[in-house]
Amino acid sequence: MRTPEIPRRAYNPLDHYITLTIVFAAFAFRLEWQIAILAALFVATLLSHRRKSIYRGFLKFVLPLILIGFVINGIFFTGNVVFMLGPLKFRDQGLVFASTVAARLTLIVLAISCYFSRVKSETISEYLVARGADRRLVYIYLLSVAMVHLMRDKLQKIYTAQSARGLDTTKNVFSRARYLLPMLVPLSYSYIAESLDRGIALRAANFSDRKYPGSPVPVPLVEIEVDRGGLVAGRIILLAAIGIWIWRIFS
Amino acid sequence: MAEALSRFEREVNATTIPLIAFGAALNIVVGQAVQLIKLPLYLDSIGTIMIACVVGPLAGMLTGAFANLTLGFFFNYAFIFFIPVTLVIGAFTGIVAKLGVFRRWYAAIPAGLVQGVLAAVASAPIAAFMFGGVTMGGTDFLVLYFRAIGKSIVQSAFLQGLAADPVDKAVSYLIVYFLLTRIPRSILLRLPGYANT
């Protein structure tokens, strides 16, 4: 009998090393360096085929955070008044602090967004397993992502059923709170039962093979082809960033 | 170290792995349920609390970490930075569950209040240094207020957490207690931490 071929997928570790380097720079480097990296990152995101979703996420979650941070810290820090907006006085120390936080957040978010626009989470999981990560943890992650979508659909169905039974979201908070348990009980019950059944299946397949050393070595779902050049280049970039940081401390 | 590893092997096995994934997903989905019925609470740790109770503290910590990872990757990156807070929640709940706080509703409330204070302590430095005190959590106006009355960023973030977290966690503990009382015994008996319920 012919053994079915395991699908192959390429992975370049340079992607995650660059992301790690940028996250490191977001904490360790000065503001002017961070702005320079940010400019490069901005160009990289412009070239990404998923630039729309990257910028949508940024505008939705990060920009409001940055703007509110500028208002709160700009007003309530001490220091010289830089400008006034009606009765509000924005001070230099607060604006510098808010700029540092804004640059850090933007760097981290854009770096992670770029990474996920280039690499699928399944590929990352298989790569981590191939590199020796505990596959139980990888499985938990993949399963929780899958379960979120299923549970959201089920919750929507329960909500529709509860609405038909008289759930009214315009009533006061205590009346609305009464509907939380009737929504969560069927959801929890069915998924706990399903999880326990899934656990039986995993036990039958000797999933916790660390407990049973004699069990067969698991076959990977996908064979990962690691780019050796990218691995070396990535390590050099990260080490260089750490080196610059150490040099800056002692100089 | 060997003790911790053996505990990890005990709590993270074929039986509990799907439960941990369920708990992580529940954390996210309950957030959606709260939005649907427009409640002024987060209740985003119910899965962590439930798994810490029915499996153990390490499983609870993992549940919280994976929930925040998933939330961070798919919804809002800010959640990734709050993973240490979920570790505190998982660990504390796992420990107090063994003391029997989920066997009586009136024991769950004070435990939840203490949990809320611990969560506020853990989240304040993260909110202050990573986000400048702003988390877009709906209680940012409290940070604004505390800053206005002269508190530092860390103090403001802590006081904001203290104003919101204890009530949120006490309600979460209570909900988990009621959820566990409504799940049939035949199912509960199959859970590793059945004795805690």
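The values are calculated or read from the model by the stated rules, or taken from the named source; none is laboratory data. Predicted model only: the values in this text are computed from it and were never measured. Here the Cβ positions follow ideal geometry from the backbone for every residue, glycine too, while neighbour counts run over all protein chains shown. Calculation scope for accessible area: heavy atoms of the full protein, side chains included, ligands and nucleic acids excluded. Shrake-Rupley method; radii C 1.70, N 1.55, O 1.52, S 1.80 Å.
Given the criteria crowded, with 18+ Cβ neighbours inside 10 Å, closer than 15 Å to B:Q115 by Cβ, within 10 Å of another protein chain (Cβ to nearest Cβ) and not basic (K, R), does B:G60 qualify?
Numbers: crowded, with 18+ Cβ neighbours inside 10 Å: yes; closer than 15 Å to B:Q115 by Cβ: yes; within 10 Å of another protein chain (Cβ to nearest Cβ): no; not basic (K, R): yes.
The answer is no for B:G60.
Among the residues of the range B:36-57, write down those that are within 7 Å of chain A (Cβ to nearest Cβ) and not in a loop (DSSP other than H, G, I, E, B).
Taking the range B:36-57 as the starting set, the residues that turn out to be within 7 Å of chain A (Cβ to nearest Cβ) are B:36-40.
Passing the criteria: only B:L36.
If you take the residues in the range A:122-135 that are within 13 Å of chain B (Cβ to nearest Cβ) and either open to solvent by 30 Å² or more (accessible area, probe 1.4 Å) or out of contact with any helix residue (DSSP H, G or I) (no Cβ under 7 Å at 6 or more places or on another chain) (or both), which one is modelled with the lowest pLDDT? Give the derivation first.
Step one: list which residues in the range A:122-135 are within 13 Å of chain B (Cβ to nearest Cβ), which gives A:122, A:124-125, A:128, A:134-135.
Filter once more, so that each one left must be either open to solvent by 30 Å² or more (accessible area, probe 1.4 Å) or out of contact with any helix residue (DSSP H, G or I) (no Cβ under 7 Å at 6 or more places or on another chain) (or both): A:122, A:124, A:128, A:134-135.
Working: A:E122: 76, A:I124: 83, A:L128: 83, A:D134: 81, A:R135: 79.
Per the stated criteria, the residue is A:E122.
Can you find a residue in the range A:68-77 that is within 10 Å of chain B (Cβ to nearest Cβ) and closer than 22 Å to A:A36 by Cα?
There is at least one residue in the range A:68-77 that is within 10 Å of chain B (Cβ to nearest Cβ) and closer than 22 Å to A:A36 by Cα.
Are there any pairs with C-beta distances below 8 angstrom linking a residue in the range A:54-77 that is assigned by TED's automatic domain parsing to the domain that holds A:V43 to a residue that is surrounded by fewer than 18 Cβ atoms within 10 Å (Cβ to Cβ) and among the small types (G, A, S), with the two at least 6 apart or on different chains, and if so which?
Note: pairs meeting the criteria are A:I54/A:S48; A:I54/A:S117; A:F76/B:A148.
Being open to solvent by 10 Å² or more (accessible area, probe 1.4 Å) and either part of a helix (DSSP H, G or I) or more than 7 Å from every other protein chain (Cβ to nearest Cβ) (or both) is the requirement here; does B:L19 meet it? Show your work before the answer.
Working: open to solvent by 10 Å² or more (accessible area, probe 1.4 Å): no; either part of a helix (DSSP H, G or I) or more than 7 Å from every other protein chain (Cβ to nearest Cβ) (or both): yes.
In short, no.
Filtering the range A:166-200 down to residues that are under 20 Å from B:M50 (Cα atoms), out of contact with any helix residue (DSSP H, G or I) (no Cβ under 8 Å at 6 or more places or on another chain) and modelled with pLDDT under 90, which residue is farthest from the other protein chains (Cβ to nearest Cβ)?
Step one: list which residues in the range A:166-200 are under 20 Å from B:M50 (Cα atoms), which gives A:177-199.
Still in the list and also out of contact with any helix residue (DSSP H, G or I) (no Cβ under 8 Å at 6 or more places or on another chain): A:177-178, A:197.
Narrowing the set further to residues that are modelled with pLDDT under 90 leaves A:177-178.
Values: A:A177: 6, A:R178: 9 Å.
My answer is A:R178.
Which residue pairs have Cβ atoms closer than 7 Å, lie 6 or more positions apart in sequence or on different chains, and pair a first residue in the range B:50-70 that is among the aromatic types (F, W, Y) with a second residue that is open to solvent by 10 Å² or more (accessible area, probe 1.4 Å)?
B:F66/A:Y141
Return yes or no: is A:V173 in the same structural domain as A:P13 (by TED's automatic domain parsing) and either touching a strand residue (DSSP E or B) at 6+ places or on another chain (Cβ under 7 Å) or exposed (fewer than 14 other Cβ atoms within 10 Å of the Cβ) (or both)? It would help to see each step written out before you state the result.
Numbers: in the same structural domain as A:P13 (by TED's automatic domain parsing): no; either touching a strand residue (DSSP E or B) at 6+ places or on another chain (Cβ under 7 Å) or exposed (fewer than 14 other Cβ atoms within 10 Å of the Cβ) (or both): yes.
Taking the combined requirement at face value, the residue does not satisfy it.
Within the range B:152-191, take every residue that is within 9 Å of chain A (Cβ to nearest Cβ) and closer than 30 Å to A:F90 by Cα and give me the one that is modelled with the highest pLDDT.
B:S156
I need every pair where a residue in the range A:79-104 that is in a strand (DSSP E or B) has its Cβ under 7 Å from the Cβ of a residue that is open to solvent by 40 Å² or more (accessible area, probe 1.4 Å) and acidic (D, E), sequence separation at least 6 or different chains.
Within 7 Å, the pairs are A:V82/A:D92.
Can you say whether A:G69 is in contact with a Gly (Cβ under 6 Å, 6 or more places away or on another chain) and not in a strand (DSSP E or B), as far as the supplied structure shows?
Values: in contact with a Gly (Cβ under 6 Å, 6 or more places away or on another chain): yes; not in a strand (DSSP E or B): yes.
Criteria met by A:G69.
Between A:L63, A:L41, which is within 25 Å of A:F90 (Cα to Cα) and more than 9 Å from chain B (Cβ to nearest Cβ)? If you could, list the steps in order and put the result at the bottom.
On the way: A:L41 fails: within 25 Å of A:F90 (Cα to Cα).
Every option except A:L63 fails the conditions.
For the range A:147-170, which positions are assigned to a helix (DSSP H, G or I) and open to solvent by 40 Å² or more (accessible area, probe 1.4 Å)? Write out each step before concluding.
Pass one, the range A:147-170, residues assigned to a helix (DSSP H, G or I): A:147-164.
Within the range A:147-170, A:H149, A:L150, A:R152, A:D153, A:K154, A:Q156, A:K157, A:Y159, A:T160, A:A161, A:S163, A:A164 meet the criteria.
Residue-wise test of (1) surrounded by 14 or more Cβ atoms within 10 Å (Cβ to Cβ); (2) at pLDDT 85 or above.
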{"residue": "A:H49", "(1), (2)": "no, no"}
{"residue": "A:R56", "(1), (2)": "no, no"}
{"residue": "A:F61", "(1), (2)": "yes, no"}
{"residue": "A:T78", "(1), (2)": "no, no"}
{"residue": "A:P87", "(1), (2)": "no, no"}
{"residue": "A:R91", "(1), (2)": "yes, yes"}
{"residue": "A:S99", "(1), (2)": "yes, yes"}
{"residue": "A:T106", "(1), (2)": "yes, yes"}
{"residue": "A:L110", "(1), (2)": "yes, yes"}
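Only one of (1) touching a Leu at 6+ places or on another chain (Cβ under 6 Å); (2) of a type outside the set (S, T, Y); (3) in contact (Cβ under 8 Å) with a residue 60 or more places away in the chain fails for B:A120. Which number is that?
Condition not satisfied by B:A120: (3).
Any residue that is assigned to a helix (DSSP H, G or I), touching a residue at least 24 places away in the same chain (Cβ under 8 Å) and of a type in the set (D, E, K, R) - is there at least one of those in the range B:103-114?
Scanning the range B:103-114, I find no residue that is assigned to a helix (DSSP H, G or I), touching a residue at least 24 places away in the same chain (Cβ under 8 Å) and of a type in the set (D, E, K, R), so the answer is no.
Can you name every residue in the range B:171-193 that is outside any loop (DSSP other than H, G, I, E, B) and open to solvent by 10 Å² or more (accessible area, probe 1.4 Å)? So that I can check it myself, show each step before the final result.
Residues of the range B:171-193 that are outside any loop (DSSP other than H, G, I, E, B), as a first pass: B:171-182, B:185-188.
Those that are outside any loop (DSSP other than H, G, I, E, B) and open to solvent by 10 Å² or more (accessible area, probe 1.4 Å): B:V171, B:L174, B:I175, B:Y177, B:F178, B:T181, B:R182, B:R185, B:S186, B:I187.
Go through the range B:132-157 and report how many residues are buried (at least 24 other Cβ atoms within 10 Å of the Cβ) and either of a type outside the set (G, A, S) or in a helix (DSSP H, G or I) (or both).
Total meeting the criteria: 6.
Return the total of residues in the range A:1-23 being open to solvent by 50 Å² or more (accessible area, probe 1.4 Å) and either in contact (Cβ under 8 Å) with a residue 60 or more places away in the chain or of a type in the set (S, T, N, Q) (or both). It would help to see each step written out before you state the result.
Start the filter on the range A:1-23 by keeping residues that are open to solvent by 50 Å² or more (accessible area, probe 1.4 Å), which leaves A:1-10, A:18, A:20.
Pick out the ones that are also either in contact (Cβ under 8 Å) with a residue 60 or more places away in the chain or of a type in the set (S, T, N, Q) (or both) and you get A:3, A:6-10, A:18, A:20.
The total comes to 8.
Inspect the range A:16-30 for any residue being charged (D, E, K, R), at pLDDT below 90 and in a strand (DSSP E or B) and give the result as yes or no. Give the steps one after another, and end with the answer.
The initial filter retains those residues of the range A:16-30 that are charged (D, E, K, R), namely A:30.
Subsequent filtering for residues that are at pLDDT below 90 retains A:30.
With the extra rule that they be in a strand (DSSP E or B), the set shrinks to none.
No, the conditions are met nowhere in the range A:16-30.
Against the definition (surrounded by fewer than 19 Cβ atoms within 10 Å (Cβ to Cβ), at pLDDT 90 or above and under 22 Å from B:Q160 (Cα atoms)), how does B:V114 come out, yes or no?
Details: surrounded by fewer than 19 Cβ atoms within 10 Å (Cβ to Cβ): yes; at pLDDT 90 or above: yes; under 22 Å from B:Q160 (Cα atoms): yes.
Taking the combined requirement at face value, the residue satisfies it.
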